[in-house]
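Derivation of every value follows stated rules applied to the coordinates shown; laboratory data play no part. Predicted model, so just to flag it, every value in this text is computed and none were measured. Cβ sites come from the backbone with ideal geometry, for glycine too, and all protein chains shown count toward neighbours.
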There are 2 protein chains.
Amino acid sequence: MSHLRYSCLMALDRDQVLRSAAALLTRKSTATMDEVAKAAGISRATLHRHFAGRDALVRALETLGIAECEAALDTARLDDGPAGEAVHRLVRALEPSGGLLAFLYTENQLFEGEEQNQGWARIDERLVGLFRRGQESGEFRIDLTPVWLAEALYGLLVSGAWAVSDGRVAGKDFTYMIVELLLGGARRAGA
Amino acid sequence: MSHLRYSCLMALDRDQVLRSAAALLTRKSTATMDEVAKAAGISRATLHRHFAGRDALVRALETLGIAECEAALDTARLDDGPAGEAVHRLVRALEPSGGLLAFLYTENQLFEGEEQNQGWARIDERLVGLFRRGQESGEFRIDLTPVWLAEALYGLLVSGAWAVSDGRVAGKDFTYMIVELLLGGARRAGA
DNA sequence: CGCAAGTGAGACATCTTTGTCTCACTTTGG
DNA sequence: CCAAAGTGAGACAAAGATGTCTCACTTGCG
């Protein structure tokens, strides 16, 4: 039964290709299939054997991004302790996926009419739930809707990922900057 | 001398086409020249008479966006009064340009290698100067760099513009949400 | 060794977008 | 009324990306 080994090996290769494609498309979202293949160190023909086409590749990246988000949401234990600390844990867990999420967030904006992947709705739900919990516990202000807070978190993740990749801010500050701005804002506490 | 009238009429038409293109590309950043032309109510041939090509159109949109930003920066009188209020005036002045800025911000991310338009550098400078002023006056915290605060403002503008255009948040809350989150954060003042 | 599977290189047709051009029609101003 | 300018519709080739296919080569395993 070489079939099992076959599919196993394929899965590994496929994942490596996917990671490499994510890394490239994060920097250049319009990269060609040929560029993606070269970046992965394989030929365009082999790339095509893994992913039926560009759409399939992007959809696979979306699935990967959703999986990483779900994993980060689990890791961050959103229901434990103060909501602010949960946000901190979440951003820290999301940091490695920042570039991929930036790509998918802007890419998703193109699918104006089409229904978005069910996975994002589920993630939105959990994120909104976290902010709502913070409001109900009196930790977060209630004049900013949970939906907006979730949206703002996405925006800050994108800004942060791009600013880091462009060298405008240091990568080590990624989590701190996002969490501090999202939770505390720019105004000095005493001011 | 019909030449003067000619150029004058052209300028008006050109500006209308530009606005319409901005409105369309804001929603669908990959729209083709044909779609842009149809959206403007003109033929593709005429569109080409106004803008040599897609690059020229995008560059013209960039120039428009820069001009609107500069105008907003002037209107907001960044050097007057508390920096926090200046930020509020700025976001309010920027609100009508939110969609266009979102388009240009994400579009600019594609020009990774190339040098960006000098105009953006000047705008960044003024924006960073505003946040620096707020820090020096003791109004803003100093553990978040002015560069990051400026970047975060861009990100929140993009998130806000998309959230409004997708109907996830109400358009009338645009300025309030962005300013309050940017300056005050999600955490309740007393918490 | 010999075979089967996977891969790389490249040819090829196709599709989309773009840029250019022509031609007929409409509008405008003298 | 007439001529000039602008416009719309469409044809056309060129360029870029994609998807498909073939063929030779390597690799791994019996």
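The requirement of being surrounded by 13 or more Cβ atoms within 10 Å (Cβ to Cβ) and more than 14 Å from DNA strand C (Cβ to nearest atom) is fulfilled nowhere in the stretch B:44-59; no residue meets it. For the residues A:139, A:115, the requirement of being acidic (Asp, Glu) and in contact with a strand residue (DSSP E or B) (Cβ under 8 Å, 6 or more places away or on another chain) singles out A:139. Taken over the stretch B:26-36, the criterion of being within 9 Å of DNA strand C (Cβ to nearest atom) and assigned to a helix (DSSP H, G or I) is satisfied by B:33, B:34, B:35, B:36. Exposed (fewer than 15 other Cβ atoms within 10 Å of the Cβ) and either within 16 Å of the chain's Cα centre (by Cα) or on the phi > 0 side of the Ramachandran plot (or both), is that true of residue A:119? Answer is no for this residue. Within the stretch A:19-43, residues that are closer than 17 Å to residue A:60 by Cα sit with their Cβ atoms under 7 Å from residues that are aromatic (Phe, Trp, Tyr), at 6+ positions apart or across chains, in these pairs: A:25/A:103; A:26/A:103; A:29/A:103.
Would you check if there is a residue in the stretch A:109-118 being away from chain B (no Cβ under 12 Å) and touching a residue at least 24 places away in the same chain (Cβ under 8 Å)? Yes. I'm trying to understand the selection: among the residues of the stretch A:124-163, which are more than 10 Å from chain B (Cβ to nearest Cβ), within 23 Å of residue A:103 (Cβ to Cβ) and surrounded by fewer than 20 Cβ atoms within 10 Å (Cβ to Cβ)? Correct list: A:125, A:126, A:128.
With respect to being within 16 Å of DNA strand C (Cβ to nearest atom) and surrounded by fewer than 16 Cβ atoms within 10 Å (Cβ to Cβ), residue A:81 falls outside the description.
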